1. Counting residues that are without any contact (Cβ under 8 Å) to a residue 40 or more places away in the chain and closer than 29 Å to residue 237 by Cβ, which strands (runs of 3 or more DSSP E) fully inside the stretch 35-124 reach at least 2?
2. Checking residue 165 against (1) buried (at least 24 other Cβ atoms within 10 Å of the Cβ); (2) assigned by TED's automatic domain parsing to the domain that holds residue 257, which test does it fail?
3. Only one of 147, 159 is buried (at least 20 other Cβ atoms within 10 Å of the Cβ) and touching a strand residue (DSSP E or B) at 6+ places or on another chain (Cβ under 8 Å). Can you tell me which?
4. May I ask you to say which residue of 205, 177 is under 26 Å from residue 317 (Cα atoms), surrounded by fewer than 22 Cβ atoms within 10 Å (Cβ to Cβ) and in contact (Cβ under 8 Å) with a residue 40 or more places away in the chain?
5. Confirm whether residue 262 is touching a strand residue (DSSP E or B) at 6+ places or on another chain (Cβ under 8 Å), assigned by TED's automatic domain parsing to the domain that holds residue 299 and assigned to a helix (DSSP H, G or I).
6. Just to verify a result, which residue in the stretch 207-242, among those that are part of a loop (DSSP other than H, G, I, E, B) and within 15 Å of residue 92 (Cα to Cα), is nearest to the chain's Cα centre (by Cα)?
7. Which numbered condition trips up residue 277, out of (1) out of contact with any helix residue (DSSP H, G or I) (no Cβ under 6 Å at 6 or more places or on another chain); (2) part of a helix (DSSP H, G or I)?
8. Go through 92, 103 for me and flag whichever is over 21 Å from residue 209 (Cα atoms), at pLDDT 95 or above and either in contact with a strand residue (DSSP E or B) (Cβ under 7 Å, 6 or more places away or on another chain) or surrounded by fewer than 24 Cβ atoms within 10 Å (Cβ to Cβ) (or both).
């Protein structure tokens with residue numbers, strides 16, 4: 001029997017995230033919490049919604065901690081495991097760190113889907129961690145109505161060389177290391193079963209090289225582009241940094257087939273919620289609704305959005321002094 005994993009979940013990948021506006025309301029009261037007698041100094045926490053937490057520990061290192069998991073974004077369990085693991089590791093790279101150890105997080109409808117598919121999912125995650133030089137040691141599983149998979153990841157970084165979303169400066173170019181369009185292609189895959197190898201390749205490419213290149217170039221501001229789309233993540237970066245971002249739509253790269261998928265209406269609810277959230281803060285007057293939807297497309301395991309230039313990554317805009325909007329799209 002052939003199983004289409006995407007049919008066993010209401011959403012797929014990072015498009016099934018809780019909408020960003022609702023999430024900010026939920027965590028707003030948690031930013032002031034401080035532990036008694038902490039082991040290390042918290043360098044990055046909840047305050048600006050950065051990609052991971054960072055704590056300075058003895059020995060001059062920063063400990064990076066993050067977790068990410070989601071429902072199937074593709075039907076093939078091995079590819080889903082690879083994508084989910086690549087996505088979870090990305091938060092460490094987005095902070096300028098290296099992943100050291102990860103543990104599996106698995107939710108499985110044990111009476112509905114055979115465990116052979118779960119084993120393939122875990123094998124995909126293991127292979128990605130091996131490629132990343134990251135130990136994968138154990139984890140946790142639960143009986144769940146929907147299949148879910150991801151990782152909790154611990155990494156290390158230089159506490160004085162962190163990539164943060166609150167350190168952007170006017171006059172800095174913006175670079176994007178992976179093309180957009182994963183969301184609309186995944187929506188088409190879920191609806192039709194059509195497979196898009198070009199999207200899978202993007203989602204399974206580690207952000208390790210991009211992170212290392214950013215650090216080598218002296219960059220100190222970056223984030224990754226995932227479920228909140230380019231506009232959502234750039235809005236958070238510009239807001240945290242106290243700047244305005246200008247985006248040149250003609251320079252933004254897209255995966256082959258993305259515009260065609262959009263034209264056929266394969267837009268996730270997560271993408272529409274992303275656009276609704278950022279619309280009051282962004283000047284979109286220069287583009288039409290379809291272009292805005294592509295810029296808000298909910299990405300799964302997207303690239304790094306870097307305040308700076310690195311080899312091979314297109315420059316898609318720049319940071320300028322703060323104005324009326326956090327983003328101006330041209």
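1. In the stretch 35-124, the matching strands (runs of 3 or more DSSP E) lie at 41-44, 53-57.
2. Every listed condition holds for residue 165 apart from (2).
3. Values: 159 fails: buried (at least 20 other Cβ atoms within 10 Å of the Cβ).
147 is the lone residue from the list that is buried (at least 20 other Cβ atoms within 10 Å of the Cβ) and touching a strand residue (DSSP E or B) at 6+ places or on another chain (Cβ under 8 Å).
4. Answer to the check: 205.
5. no
6. Filtering the stretch 207-242 down to residues part of a loop (DSSP other than H, G, I, E, B) leaves 207, 217-220, 225-228, 242.
Filter once more, keeping what is within 15 Å of residue 92 (Cα to Cα): 207, 220, 225-226.
Numbers: 207: 11, 220: 18, 225: 5, 226: 3 Å.
The selected residue is 226.
7. It is condition (1) that residue 277 fails.
8. Just a single option satisfies the conditions, and that option is 103.
The values are calculated or read from the model by the stated rules, or taken from the named source; none is laboratory data. The structure displayed is predicted, hence computed values, not measured ones. Cβ atoms come from the backbone with ideal geometry, glycine included; neighbour counts cover every protein chain shown.
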